[in-house]
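Presented below is the structure to which this report refers.
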Amino acid sequence: MALPGGEEEAGAVPAEDEEDEEDEEGEEADIELPPVPAEIQTRFLELVQAAFPDKEVEITPLDLLQKLRDIFTQVLEPVPGAPPVSNQTREEIQEMLKEFDTQIMLMRLLQPRELNIPQERSMDITLDEALKVGQKFTHDYDFGSTTYLGLKVLGEREGVAHKGSKAIQVLARNNPPVIPCVECGQPAVVCEPGYYSAWESALCEKCAKKERSEWSYEEMLPIVNSPRTGVCGYTGD
């Protein structure tokens, strides 16, 4: 697969091998990206080259979308000694992130066989009955303001089953992405309630305390290390 940052234009990223230019229905199998704003092209290509040191790599379209989303997220993060991304470019990237989220969600729903996603199971069975090491699966949290999760079983371990308050324990957590303030680009600490993503209304403490919305600083939701952050009334509990 040819990756962005090579000789090809940054706006189109092939999702299949170059020799297989069309899918089974005869249509092009490329993941089309909007033009990368000139302001961030250098930074974008640097991050792409760091994420894909090999120009030819085997990767599924879904994994590619997720990596590209992560790269555009990193573009928004402050770089020491570099000017912050302009508000116009920031808005364009945030629109891209929303589109990535939509495409990722649809791809998970429409390609369960390719992703080796198991059939829907109830909550009344144990994990070892439903999942195996190496298996990919999805989990939809909440059916009102749903958070769609794409997960993979990386390993298993033997342990003693605890009871009471220690019955469930977190063994590891992901590294949280730096969510930038929509006003100034600095790392956000809170977001306004009522959105389906913290990225849409994330604010640093300084900007959040300005009288810019109907919400006071005390009423805003904290940015927490969870895909659920900013959704509904989630505070990390």
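So Ala130 clears everything in (1) within 24 Å of the chain's Cα centre (by Cα); (2) surrounded by 10 or more Cβ atoms within 10 Å (Cβ to Cβ) except one condition, right? Which one? Of everything listed in (1) within 24 Å of the chain's Cα centre (by Cα); (2) surrounded by 10 or more Cβ atoms within 10 Å (Cβ to Cβ), Ala130 misses just condition (1). Within segment 131-155, the set of residues being outside any loop (DSSP other than H, G, I, E, B) and of a type in the set (Lys, Arg) comprises Lys136, Lys152.
When segment 171-184 is filtered for residues that are under 20 Å from Pro227 (Cα atoms) and at pLDDT 85 or above, the ones remaining, listed by number, are Val178, Ile179, Pro180, Cys181, Val182.
Residue pairs whose Cβ atoms lie under 6 Å apart, separated by 6 or more positions or on different chains, with the first residue in segment 212-232 and over 9 Å from Val190 (Cα atoms) and the second polar (S, T, N, Q) and outside any loop (DSSP other than H, G, I, E, B), are Pro227/Thr147; Arg228/Thr147; Val231/Thr147. Evaluate the following for Thr229: is it in contact with a helix residue (DSSP H, G or I) (Cβ under 6 Å, 6 or more places away or on another chain) and of a type in the set (S, T, N, Q)? For Thr229, the condition - in contact with a helix residue (DSSP H, G or I) (Cβ under 6 Å, 6 or more places away or on another chain) and of a type in the set (S, T, N, Q) - is met. For segment 78-94, a residue qualifies if it is free of Cβ contacts under 8 Å to residues at least 40 places away in the same chain and either under 25 Å from Thr147 (Cβ atoms) or surrounded by 15 or more Cβ atoms within 10 Å (Cβ to Cβ) (or both), and exactly one does: Glu91. Every listed requirement among (1) part of a loop (DSSP other than H, G, I, E, B); (2) in contact (Cβ under 8 Å) with a residue 60 or more places away in the chain; (3) over 28 Å from Leu203 (Cβ atoms) is met by Pro34 save one, (3). When Ile59 is tested against (1) more than 16 Å from the chain's Cα centre (by Cα); (2) aliphatic (A, V, I, L, M); (3) part of a helix (DSSP H, G or I), only condition (3) is not met. Among the residues of segment 215-237, just one is of a type in the set (A, V, I, L, M) and not in a loop (DSSP other than H, G, I, E, B), namely Leu221. The set of residues in segment 186-237 being surrounded by 16 or more Cβ atoms within 10 Å (Cβ to Cβ), under 29 Å from Gln169 (Cβ atoms) and among the small types (Gly, Ala, Ser) consists of Ala188, Ser197, Ala198, Ser226, Gly230.
The values are calculated or read from the model by the stated rules, or taken from the named source; none is laboratory data. Note that the structure is predicted; figures quoted are calculated from it, not measured. Using ideal geometry, Cβ is built from the backbone for each residue, glycine included, and neighbour counts are taken over all protein chains shown.
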